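Written out below as structure tokens is the structure these notes cover.
The values are calculated or read from the model by the stated rules, or taken from the named source; none is laboratory data. Everything quoted here is computed from the prediction, not taken from an experiment. FYI the Cβ positions are ideal-geometry reconstructions off the backbone, even for glycines, and counts take in every protein chain you see. Note: accessible area is taken over every heavy atom of the protein model, side chains too, but ligands, DNA and RNA are not part of it. Shrake-Rupley method; radii C 1.70, N 1.55, O 1.52, S 1.80 Å.
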Amino acid sequence: MNEMTTIQAVSERWSRDDIAALYDLPFIELVFRAAEVHRANHPANQVQRSTLLSIKTGGCPEDCGYCNQAAGAETGLKATRLMDVRAVMQAAAEAKDNGSTRFCMGAAWRNPKDRDMPAIVQMVKGVRQMGMETCMTLGMLTPAQADQLAEAGLDYYNHNIDTSPEHYAKVITTRTFEDRLDTLESVRAAGINVCSGGIVGLGETRADRVGFIHALANLPTPPESVPVNALVPVKGTPLGDMLADTPMAKIDDIEFVRTVAVARITMPSSMVRLSAGRESMGEATQALCFMAGANSIFTGDKLLTTGNAGDDADAALFAKLGLTAMAAAPTQEKCGC
């Protein structure tokens, strides 16, 4: 099966031509349309505050060209073991005290080992008991592992498609685009909400950004959560070294906002998450992203292993823009049925 088969087998909600036409709209018109869609589906002026914790850092056998946690990256990052459950609970409690309503946990694995699942399950249960929304990103999952996470009550599983099917092999060679879709299918079948997005600024073309949105919007059920990241070029990673100090190293701010707006229009009910790369964006660019439909950010000083804007800067920005933090949704008992 080629990598486009799964996507093309689904009746297209949005054709590539439709999505390209959105990108080509005058910028103000595109943002206006995205704002209308956003207000029709989400509360205005509310943004969810989330925290992302690396529960197992470095040593990943994958060769994702953007990632400083890949074992082959020469970044000096020290690999660690899986964190103790109690330490994760402490970090979650601190995140809640700082205003986060969503706690995301990421491990630098190709896929979790079955021996790791009991600790992972305890982490999910513990964070949910605090009344926070839970998300995990652990690499590829088997259907049985997805079922375990569902039984633990996991709200979201993150597994990004990263870029368009056509550009994918230029970024990653150790797993295929189809492998990504298989994990998303396992997550969906287990009854867990899907969190899937990608990275812009990987040296892709606008046609690739169109293909990236097309792939997500035409999944059998679009992701409930769509992170949009701007590449943070890290020295010692293949893409970081290749794109550093070149015009391709940072995507144009207007093009980034266009991508957020197109994601909002094509996936109206999804949470669109303004994720990595935000620390390098000015306040005006972030404000435009919120206007275009982004309604979630990651707070704190670090995202896994790269820098982030920080709580104080975010509080000041929220005050300046008149934004309020989204309240936590009540957690519900879940089962894997």
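Selection of first residues in the range 191-210 that are free of Cβ contacts under 8 Å to residues at least 60 places away in the same chain and of second residues that are open to solvent by 10 Å² or more (accessible area, probe 1.4 Å) and hydroxyl-bearing (Ser, Thr, Tyr), restricted to Cβ pairs under 7 Å at least 6 apart or on distinct chains, gives the following pairs, ordered by first then second residue: 192/156; 193/156. Condition check for residue 191 on (1) more than 18 Å from the chain's Cα centre (by Cα); (2) in a helix (DSSP H, G or I); (3) not aromatic (Phe, Trp, Tyr): one failure, at (2). Taking the range 217-318 as the region of interest, the helices (runs of 4 or more DSSP H) fully inside it that hold 1 or more residues being within 16 Å of the chain's Cα centre (by Cα) and at pLDDT 85 or above are 253-266, 283-291.
Here is a list: 179, 208. Which entry is assigned to a helix (DSSP H, G or I), more than 15 Å from the chain's Cα centre (by Cα) and within 25 Å of residue 105 (Cβ to Cβ)? Step through it out loud before you land on a result.
Values: 208 fails: within 25 Å of residue 105 (Cβ to Cβ).
After ruling out the rest, the residue left standing is 179.
On the basis of being part of a loop (DSSP other than H, G, I, E, B), under 24 Å from residue 119 (Cα atoms) and either small (Gly, Ala, Ser) or at pLDDT below 85 (or both), does residue 73 make the cut?
So residue 73 does not fit the description; no.
When the range 165-191 is filtered for residues that are more than 19 Å from residue 208 (Cα to Cα) and open to solvent by 60 Å² or more (accessible area, probe 1.4 Å), the ones remaining, listed by number, are 182, 185, 188, 189. In the range 13-40, the qualifying residues are those that are in contact (Cβ under 8 Å) with a residue 24 or more places away in the chain, among the basic types (Lys, Arg) and in a helix (DSSP H, G or I), and the one that is surrounded by the fewest Cβ atoms within 10 Å (Cβ to Cβ) is 16.
Within the range 220-238, being surrounded by fewer than 22 Cβ atoms within 10 Å (Cβ to Cβ) and out of contact with any Gly (no Cβ under 6 Å at 6 or more places or on another chain) holds for 220, 221, 222, 224, 235, 236.
Of everything in the range 153-178 that is among the aliphatic types (A, V, I, L, M) and touching a residue at least 24 places away in the same chain (Cβ under 8 Å), the residue that is farthest from residue 198 (Cα to Cα) is 154. The set of residues from the range 123-152 being β-branched (Val, Ile, Thr) and either in contact (Cβ under 8 Å) with a residue 40 or more places away in the chain or under 21 Å from residue 197 (Cα atoms) (or both) comprises 134, 137, 142.
Which members of the range 130-169 meet the condition of being among the polar types (S, T, N, Q) and within 17 Å of residue 111 (Cα to Cα)? Within the range 130-169, 137, 142, 145, 148, 158, 160 meet the criteria.
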